[in-house]
1. Which of the residues that make up region 205-218 are touching a Phe, Trp or Tyr at 6+ places or on another chain (Cβ under 9 Å) and surrounded by fewer than 16 Cβ atoms within 10 Å (Cβ to Cβ)?
2. Which of the residues spanning region 179-237 are part of a helix (DSSP H, G or I), of a type in the set (S, T, Y) and closer than 28 Å to G58 by Cβ?
3. Kindly indicate which of T49, T102 is farther than 30 Å from A274 by Cβ, at pLDDT 95 or above and of a type in the set (S, T, Y).
4. Among the residues of region 277-299, write down those that are surrounded by fewer than 17 Cβ atoms within 10 Å (Cβ to Cβ), touching a helix residue (DSSP H, G or I) at 6+ places or on another chain (Cβ under 9 Å) and under 18 Å from D121 (Cβ atoms).
5. A155 fails exactly one of the following numbered conditions: (1) in a helix (DSSP H, G or I); (2) at pLDDT 95 or above. What is the number of that condition?
6. Looking at region 229-245, can you tell me whether even one residue there is closer than 28 Å to V132 by Cβ, over 18 Å from the mean Cα position of the chain (by Cα) and either surrounded by 13 or more Cβ atoms within 10 Å (Cβ to Cβ) or at pLDDT 95 or above (or both)?
7. Looking at (1) under 30 Å from A87 (Cα atoms); (2) modelled with pLDDT under 90, can you tell me which one S40 breaks?
8. Filter region 213-229 down to residues that are among the aliphatic types (A, V, I, L, M) and free of Cβ contacts under 8 Å to residues at least 24 places away in the same chain and give me whichever is farthest from A276 (Cα to Cα).
Amino acid sequence: MPLPFRPLQALLLVGTFICMAYSGGTYWDAAAHLLADDTSYGLLPASPTDFALRCRAGLRFAFWLFAILGAHEMGHYVACRWYRISATWPWFVPAPLFLLGTFGAVIRIRSPIPHRRALFDVALAGPVAGFVVAVLALVVGVGDAVAVPVDFDPAGGGDVFSLPWIGDQVVQTLRPGETLTMNGTLAAAWAGFLITVLNLFPAGQLDGGHLAYAISRSVHRWFSRAAILFCAVTVVSSIRAGHVPVYLVWLAVLVWMRDRHPPLWMEHDPLGRARALLAVVAVVIFAMSFTWIPMKLGG
């Protein structure tokens, strides 16, 4: 069994958590605005003290987003270990000054995936694990969120980050009739659902693409094309509505990947009816996590 983390992996892990905490304190948590020693409160820290205060204020965001990404990748890793597929521990990618503080996390699979069942299980384990932790973050974040006045105007009150369907259901159950402000935990849940959706697009070598390929090559080919078309429609809709086209970069990724996928050792080994039915779970998770326009610009 390989060592948990190589020195570079450990360094990237720590760096990613710091970047997440700084982004949480800069973008998501109002507490950092009150603690900062610079009244202009720009994107860059005004002093080491300002940097430390922002990181401290963003710890909730960093903790939950790190947990969501870690659960997702460890789901893949555990499934790989189950099938004796050689894989690395997660590599986290820091992104200083980016909205989330990270570009995500990945594991590197170093041996071929033998058959369709293994490919299906490895692909599904990540989104399911990440989704479960994102739902937990959602519940905690909704409970901690501050309600805004009833006469609050989102169009003139800054950007609005739209929760997916499951977020609306949790809000209506726990805080019916309220409009909530974003906090670090809720922001991490929002990001976690978005990351889950991006990975479940059924194209190329994304998790959704692996699932489609595990069902059949033809399903993977047609679903890859449908995913590109669907993503393009969301981008056009966002632009026409005057909002941020969040899926624009992902559209470029989908076009680049298209329906390319490496072959398996045993291409004709059957997937089995049970796993074909489990593919519905991935569709349901995608539907519950998807937001047509995740970010709307305020005035």
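1. The answer is Q205, and nothing else.
2. To start, the set of residues in region 179-237 that are part of a helix (DSSP H, G or I) comprises 184-200, 207-215, 217-237.
Of the ones still in play, those that are also of a type in the set (S, T, Y) are 185, 196, 213, 218, 224, 234, 237.
Once the filter is applied, which keeps residues that are part of a helix (DSSP H, G or I), of a type in the set (S, T, Y) and closer than 28 Å to G58 by Cβ, region 179-237 yields T185, T196.
3. On the way: T49 fails: at pLDDT 95 or above.
So the residue among T49, T102 that is farther than 30 Å from A274 by Cβ, at pLDDT 95 or above and of a type in the set (S, T, Y) is T102.
4. Matches in region 277-299: L278, V281, V283.
5. Against the list (1) in a helix (DSSP H, G or I); (2) at pLDDT 95 or above, A155 comes up short only on (2).
6. yes
7. Unmet for S40, out of (1) under 30 Å from A87 (Cα atoms); (2) modelled with pLDDT under 90: (1).
8. L229
The values are calculated or read from the model by the stated rules, or taken from the named source; none is laboratory data. From a predicted model like this one, the values you see are computed outputs, not experimental measurements. Virtual Cβ from ideal backbone geometry, glycine too; neighbours counted across all protein chains shown.
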